[in-house]
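Read-outs throughout are calculated quantities, based only on the coordinates presented, and are distinct from any laboratory measurement. Fair warning: this is a prediction, and the values are worked out from it, not measured in the lab. Here Cβ is always computed from backbone atoms with ideal geometry, including for glycine, and neighbour counts include all displayed protein chains.
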Amino acid sequence: MNPSKFAITFACYNQVDYTRQCVDSMVKHGLDLSRLVVVDNGSTDETRSYLESLPLGGRIFNQANLGCGVAWNQGALALQAEWTIIMNNDVLVSKGWIDNLITTAEQNGLKIISPSLIEGPLDYDFDAFADESSIKMKSALRLGARHAVCLAVHQSVWMDIGYFQPIPKLLGYEDSMFFHEADKAHISTGMTGASWLHHYGSITQTAMKQERGLSQKDGLGYRYNYRLLQQSWLERKLKKIKRVRQQKRWCQQEIAEFGQSMHGKREQCAFVWE
């Protein structure tokens, strides 16, 4: 795929070890780092010196933590392309992940697409797993699914609904607001079994909660952010029930056909499919 067709961006705040692992996995699988823009949200560890050592397509150093929405917008605007991949920094990528992601989107008329995920500790051979799974589950597609760990966004989406809400106090709710607007505009989304990431997930979320003095039961986002959706309690409840039921159907169908699903977690050195 022509590198100028896509751009990648992620935001980071401390936790330089995860950022380093993410970038190393990209380099390992052939990514030209000139297609990557990293936005640092006021890190106080070694993140900035590490980023300065890389041949990135762009690096933006914010003086304070402005939140994901602001940072994602900064990265997306700094290096514009037909497809912009917005992602977390606590992930590992696999061989062919970009080609498989965008090709699947174009073949199915999708404007937002996410890869499959394994979340949790890296206590298995992810590269070998991803190589096998991306072939085995190449045809697997969850129409209507998506997630904010990684999403490829077509440039037409920015024109239709705009960018992410640039409000720092949303504290991680920017993705929900963005997907809400995408649904209202009937923008086609999906999740593909042809592209895989490993996401440390709860490990990094636990660290962020500890840093902010939150208990593990607390959410990272402000607890009343849902009011921004302007939906009643009943409407949100019914949508959640519908979403959970659909995820269970997808999981059951994929396990029946492929022996695994597009979303797994590592628990006690084993895969738990969701």
**OP:** Taking only the stretch 91-109 into account, find how many residues are in contact with a helix residue (DSSP H, G or I) (Cβ under 7 Å, 6 or more places away or on another chain) and not in a helix (DSSP H, G or I).
**Re:** 6
Original post:
Pairs under 6 Å by beta carbon, first residue touching a residue at least 60 places away in the same chain (Cβ under 8 Å) in the stretch 252-274, partner assigned to a loop (DSSP other than H, G, I, E, B) and of a type in the set (S, T, N, Q), six or more apart or different chains?
Top reply: E254/S261
Original post:
Restricting attention to the stretch 44-81, and to residues there that are out of contact with any Phe, Trp or Tyr (no Cβ under 8 Å at 6 or more places or on another chain) and among the aromatic types (F, W, Y), which single residue is farthest from P168 (Cα to Cα)?
Top reply: Y50
Subject >> Answer residue from the stretch 39-73, given it is out of contact with any helix residue (DSSP H, G or I) (no Cβ under 8 Å at 6 or more places or on another chain) and either among the charged types (D, E, K, R) or in a strand (DSSP E or B) (or both) and is nearest to A7 (Cα to Cα) among those >> reply: E52
**OP:** Give me the pairs, please: first residue somewhere in the stretch 158-178 and over 14 Å from I86 (Cβ atoms), second residue anywhere and hydroxyl-bearing (S, T, Y) and surrounded by fewer than 16 Cβ atoms within 10 Å (Cβ to Cβ), beta-carbon distance under 6 Å, and either six or more positions apart or on two chains.
**Re:** L171/Y222
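Residue-by-condition table, conditions (1) assigned to a helix (DSSP H, G or I); (2) touching a Phe, Trp or Tyr at 6+ places or on another chain (Cβ under 7 Å); (3) buried (at least 17 other Cβ atoms within 10 Å of the Cβ):
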site	(1), (2), (3)
E132	yes, no, no
K138	no, no, no
R142	no, yes, yes
R146	no, yes, yes
L151	no, no, yes
M159	yes, no, no
Y163	no, no, yes
D175	yes, no, yes
G193	no, no, yes
